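Accompanying notes for the structure given below.
The values are calculated or read from the model by the stated rules, or taken from the named source; none is laboratory data. Owing to the predicted nature of the structure, the values given are computational and were not obtained by experimental measurement. Cβ atoms come from the backbone with ideal geometry, glycine included; neighbour counts cover every protein chain shown. Accessible surface areas use protein heavy atoms only, side chains included; no ligands, DNA or RNA. Shrake-Rupley method; radii C 1.70, N 1.55, O 1.52, S 1.80 Å.
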Amino acid sequence: QVQLVESGGGLVQPGGSLRLSCAASGSIFSIYTMGWYRQAPGKQRDLVAAITSSGTTNYADSVKGRFAISRDNAKNTVYLQMNKLKPEDTAVYYCRIFLRGGDYWGQGTQVTVSS
């Protein structure tokens with residue numbers, strides 16, 4: 001059994017910053033890729049950023065230069081630093097990890113960007 005616990009969401013003004021965290025626990029031997037996705041009301045869930053076990057990163061065009069993904073392998077944790085937030089970044093953010101046996105999702109954390 002694998003559990004993912006997300007934290008760090010909230011309400012922020014445009015131009016502000018937030019840092020999301022996602023800690024994995026349970027039957028974990030090695031995590032391959034870790035990623036963050038988001039889903040706005042009425043829209044599909046899309047990839048925001050991902051990071052491989054070797055540290056290679058990939059970002060959606062809409063967040064390049066504003067968001068940064070990182071991971072701490074010793075803590076089985078992935079982070080998403082979000083800067084220069086815009087109202088269109090408002091969504092529920094989900095972390096996802098890929099293990100040998102499959103992939104797992106977090107419960108989601110709400111990020112609202114509004115003045």
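Inspect the stretch 57-64 for any residue being outside any helix (DSSP H, G or I), in contact (Cβ under 8 Å) with a residue 60 or more places away in the chain and farther than 16 Å from residue 6 by Cα and give the result as yes or no. No; the residues of the stretch 57-64 include none that is outside any helix (DSSP H, G or I), in contact (Cβ under 8 Å) with a residue 60 or more places away in the chain and farther than 16 Å from residue 6 by Cα. Between 10, 42, 108, 65, the distinction of being at positive phi, in contact with a strand residue (DSSP E or B) (Cβ under 9 Å, 6 or more places away or on another chain) and open to solvent by 60 Å² or more (accessible area, probe 1.4 Å) belongs to 65 only. From the list 89, 72, 103, the lone residue that is surrounded by 16 or more Cβ atoms within 10 Å (Cβ to Cβ), under 15 Å from the mean Cα position of the chain (by Cα), at negative phi and not basic (Lys, Arg) is 89. Residue pairs whose Cβ atoms lie under 7 Å apart, sitting 6 or more positions apart in sequence or on different chains, and linking a residue in the stretch 66-84 that is over 9 Å from residue 21 (Cβ atoms) to a partner that is of a type in the set (S, T, N, Q) and at pLDDT below 95, are 76/25. For the stretch 101-115, a residue qualifies if it is assigned to a strand (DSSP E or B) and within 17 Å of residue 91 (Cβ to Cβ), and the qualifying residues are 105, 109, 110, 111, 112, 113. Only a single item in (1) open to solvent by 50 Å² or more (accessible area, probe 1.4 Å); (2) under 13 Å from the mean Cα position of the chain (by Cα) is not met by residue 50, and it is number (1).
When the stretch 23-45 is filtered for residues that are within 13 Å of residue 110 (Cα to Cα) and outside any loop (DSSP other than H, G, I, E, B), the ones remaining, listed by number, are 36, 37, 38, 39.
Just to check your reading of the model, which residue among 35, 26 is touching a residue at least 12 places away in the same chain (Cβ under 8 Å) and under 16 Å from the mean Cα position of the chain (by Cα)? Step by step, each of 35, 26 is checked, and only 35 is touching a residue at least 12 places away in the same chain (Cβ under 8 Å) and under 16 Å from the mean Cα position of the chain (by Cα).
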